[in-house]
Amino acid sequence: MTSALKSATRTETGFVLIAVLWILAALATLAAVYSSYTVSTAAASHVADDRVQAEASIRAGVEMTVFRELGLPDQARPARGGFDMRVGRTSVTVRFRSENGRIDLNAAPTDLLAGLFTAVGVDSSRAETFAERIVGWRTKAAGDANVAGADGKDDKAAKEDELYREQHMPYPPRHAPLDDTLELSLLPGVSLAVVERVLPFVTVFTGRAEVDVSTADPTVLSAFPEMTPQILGAVLNARVNNPDDRRALEALLGPAKARATTDPSKAFRASISVEFDNGRRVHAEVVFRLKDQGAKDQVDEPYDLLYWRDDFDGPMQSA
């Protein structure tokens, strides 16, 4: 073989080798991309599977609470309680309490709202102002056929509109019930720090002006007009020693009982913790209302879900 032929053969062989190496490199890249895609898909599938399991476990906790409540007569239903259960590959812990132990922002009178702000550390003058802002926010606007001219509500709504304009707020008051407790942050002058302090004690789901003294937090009880440390102490002691005697609790309130009730509630708030076998935890807060037994709309579920938030939705906030 001549030297020229040998040289051409080596050159051709070199090109072939380079081509093979490029093909191998491309295949390796494709393999890496496919491997990464497979891992990502598997991880996403696992997260989605965890969410499905968590939601099933949370709903099971709610339905077990409903089952326990509906299994008893109205007057015998516990206003608070808790239990543990096993669902699939999760352990579920449920703690529930009557929603009527919170102050309803859409129904509570001004003095009770002001008392709550005072109870969480707001000075009395600002507490009264914040309470008035809540009432102004929920008061129907002028021109509503249902309220026009009634008890000066038109004048109050107009003054509230003017206040928002004077303070250069980019929106007027809603003039309708609050849909969410977080709407407190939209009120002029009410800081986020104050909102965070009152969120654990308020609701928009009961429609009751009174508060259930058998389940209310001590901070809520402190908000009652004419509440004294002595009355508060007596009520808290009675709740520990004889929690089922609701009439006795109400009697202990004396002059402070104007804002109290001991009637059973149909709305409950459940705090639910779901722990997977691998140690992962998911927390949820759910508010539901029991339906009247025998009601026509009770075909599918014996309860209505009013609020649901879990860790998959982001940072937990009360409604």
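Key figures for this structure:
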| read-out | value |
| --- | --- |
| Which of Trp308, Trp137 has the fewest Cβ neighbours within 10 Å, and the rest in rising order | Trp308, Trp137 |
| Net charge contributed by nearby residues that have their C-beta within less than 12 Å of Asp244 (K/R +1, D/E -1) | +4 |
| Cut-off under 5 Å, modelled amide H: who pairs with Thr203 long-range | Ile103, Asp104, Leu105 |
| ³J(HN,Hα), Karplus 6.51/-1.76/1.60, whole Hz, each residue of region 84-101, x for Gly, Pro | 10, 8, 10, 9, x, 9, 10, 9, 10, 10, 10, 10, 10, 8, 4, 5, 6, x |
| Ascending count of other beta-carbon atoms within 10 Å, so fewest first, for Val274, Val286, Val240 | Val240, Val286, Val274 |
| For Lys291, residues with placed amide H under 5 Å, excluding near neighbours | Tyr303, Asp304 |
| Footprinting exposure proxy for Arg246, Arg165, Arg51 (fewest neighbouring C-beta atoms within 10 Å first) | Arg165, Arg51, Arg246 |
| Gap separating the Cα centres of region 48-88 and region 227-243, nearest whole Å | 30 |
| Distant-in-sequence amide H partners of Thr261 (H built 1.01 Å from N, under 5 Å) | Val211, Asp212, Val213 |
| Residues in region 46-70 that a label on Asp311 would reach, taking backbone N under 20 Å of a point 7 Å out along Cα→Cβ | 46-62 |
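Here, each number is a calculation from the coordinates, and none is a lab measurement. Just so it is clear, the structure is predicted and the values come from calculations on it, not from any experiment. Cβ sites come from the backbone with ideal geometry, for glycine too, and all protein chains shown count toward neighbours.
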